[in-house]
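The values are calculated or read from the model by the stated rules, or taken from the named source; none is laboratory data. The structure presented is a predicted model; accordingly, all values stated were derived computationally and were not measured. Note that each Cβ is placed from the backbone with ideal geometry, even for glycine, and that neighbours are counted across all protein chains shown. Heavy atoms of the whole protein, side chains included, go into the accessibility calculation; ligands, DNA and RNA do not. Shrake-Rupley method; radii C 1.70, N 1.55, O 1.52, S 1.80 Å.
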Amino acid sequence: MANTRTDRPLSTRTERETSGTGVRELMTRNPQTVTEQDSLQKAAKLMVECDCGSLPVVGGDGRLRGMITDRDIVVRVVAQGRNPLDATVRHAMTSEVFSVRESDSVENVFRLMGEKQVRRVPVVGDDGAIVGIIAQADLALEARADEKVGETVERISEPERRPGH
């Protein structure tokens, strides 16, 4: 897995070569993004337009800097009594984000989602720039009959392991 701080590759060449469908085939390409300086209102409007609950946060170079979710906005800004119209993405985003590369195996995405309890994983190119996003729903569509989806959803949803609880 590639943590944006260390940018380590998720899988080895052998894992990539032996897996079937890869991240490249399942990911949503060129997702909407925001920057740390964008307003929360802009982020929320993009989420409405895209019918999504999260957006990758990128720097001016297009490299992944974090993620922001609708829940982040509520928990880190609104619930704290701050005015969301005066806040920027930086005030609510999560900076420690794990990503995968286009060439990674779906098996590794399942593992990452379960271990980190996340429902969406940004996909980055070799230069660290965002190229896509893969969601739990993307994996479910690919592996309908596979019990991996159920196991992953269960691991993501375990209350005692969820960050911040």
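Data overview
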item	result
Long-range neighbours under 7 Å by Cβ, at least six apart or interchain, first residue farther than 15 Å from Ala92 by Cβ within segment 36-50, second at pLDDT 95 or above and open to solvent by 40 Å² or more (accessible area, probe 1.4 Å)	Cys50/Gln32
Any hit, segment 5-12, residues being at pLDDT below 95 and crowded, with 17+ Cβ neighbours inside 10 Å	yes
Residue within segment 63-74 that is outside any strand (DSSP E or B) and in contact (Cβ under 8 Å) with a residue 40 or more places away in the chain present	no
Exclusive hit being open to solvent by 50 Å² or more (accessible area, probe 1.4 Å), at pLDDT 95 or above and farther than 24 Å from Arg24 by Cβ, set Arg82, Arg65	Arg82
Output for segment 75-105, where each listed residue is part of a loop (DSSP other than H, G, I, E, B) and over 17 Å from Ile130 (Cβ atoms)	Ala79, Gln80, Gly81, Arg82, Asn83, Pro84, Leu85, Asp86, Ala87, Ala92
Among the residues listed as Ala135, Ala129, Ala140, the single one being in contact with a helix residue (DSSP H, G or I) (Cβ under 7 Å, 6 or more places away or on another chain) and either at pLDDT 65 or above or open to solvent by less than 20 Å² (accessible area, probe 1.4 Å) (or both)	Ala140
